[in-house]
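The values are calculated or read from the model by the stated rules, or taken from the named source; none is laboratory data. Nothing here was measured: the structure is a model prediction, and the numbers come from that model. Using ideal geometry, Cβ is built from the backbone for each residue, glycine included, and neighbour counts are taken over all protein chains shown.
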Amino acid sequence: MVTPERPRIAILGRFAASTSALRYGAVVNARALLEAVWTAGGEPLTFLPVTGSDWRSRLDGFGGILLPGGGDLAPATYGQSVAFESVYDVDEAQDAADLESARFALQSGLPMLAVCRGLHVVNVVRGGSLVQDLPRHHRNHVHDVRFEQQEGLFGLTEPVVRASCYHHQALDRLGEGIDVVARSSDGIPEAAVIDA
């Protein structure tokens, strides 16, 4: 019996100053994220986030790209200066690679899933901005998220789900073609779809 090949899914790695397994810095991805892609039928591959890449050749033959969560985007990427001390873990090289890969995916039509920071990146690429620091932290918090749409993929879930939240920033001005489809009870965007 021939087993169908799993679509390769590129997941941009995250720079880490250190890990428990190495004495030096690393490029990492969350195990749960890799396992989720595998469970969904994909072959997750961590990509080194470098700028100036030929994304077309790097992603040739891939079925999609996943932009994961991570530290904050530099406010300069969306036309602001740092307004809060809570802006953390800004890495200009990471920002540049994430922004470039998101632009490529959007321009080429490569399927993309953007999680947390990844969605922030896509919003900025499309001309949007971010709330740099939410008035009430959503870190380590489980709350209700209400889906505003119940068609397509969103019809596969209940209108309200409990979600674990770990962020202190959010979408502010929406970029072109970004439509919020789910919000927390206090109105913070939790999920969006992106028009190609």
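Filter the range 90-114 for residues that are farther than 11 Å from Leu12 by Cβ and touching a strand residue (DSSP E or B) at 6+ places or on another chain (Cβ under 9 Å); which is surrounded by the fewest Cβ atoms within 10 Å (Cβ to Cβ)?
Taking the candidates together, the pick is Ala93.
Does Glu43 satisfy being under 25 Å from His168 (Cα atoms), among the charged types (D, E, K, R) and modelled with pLDDT of 90 or more?
So Glu43 fails the test.
Looking at the range 89-127, which of its residues are under 13 Å from the mean Cα position of the chain (by Cα) and polar (S, T, N, Q)?
Listed by number, the residues that qualify are Gln94, Ser101, Asn123.
Please determine, by comparing only the residues of the range 1-46 that are part of a loop (DSSP other than H, G, I, E, B) and basic (Lys, Arg), which one is surrounded by the fewest Cβ atoms within 10 Å (Cβ to Cβ).
Among them, the one singled out is Arg23.
Checking Thr51 against (1) more than 22 Å from Gly127 (Cβ to Cβ); (2) surrounded by fewer than 19 Cβ atoms within 10 Å (Cβ to Cβ), which test does it fail?
Result: Thr51 passes all but (1).
Which residue is surrounded by the most Cβ atoms within 10 Å (Cβ to Cβ), if the candidates are limited to the range 161-176 and must be touching an Asp or Glu at 6+ places or on another chain (Cβ under 9 Å), not in a loop (DSSP other than H, G, I, E, B) and not charged (D, E, K, R)?
In this case the residue turns out to be Ala170.
Please enumerate the residues belonging to the range 59-83 that are farther than 16 Å from Val125 by Cβ and out of contact with any helix residue (DSSP H, G or I) (no Cβ under 9 Å at 6 or more places or on another chain).
Asp60, Gly61, Phe62, Gly63
If you take the residues in the range 177-196 that are among the hydrophobic types (A, V, I, L, M, F, W, C) and not in a strand (DSSP E or B), which one is modelled with the lowest pLDDT?
Ala196
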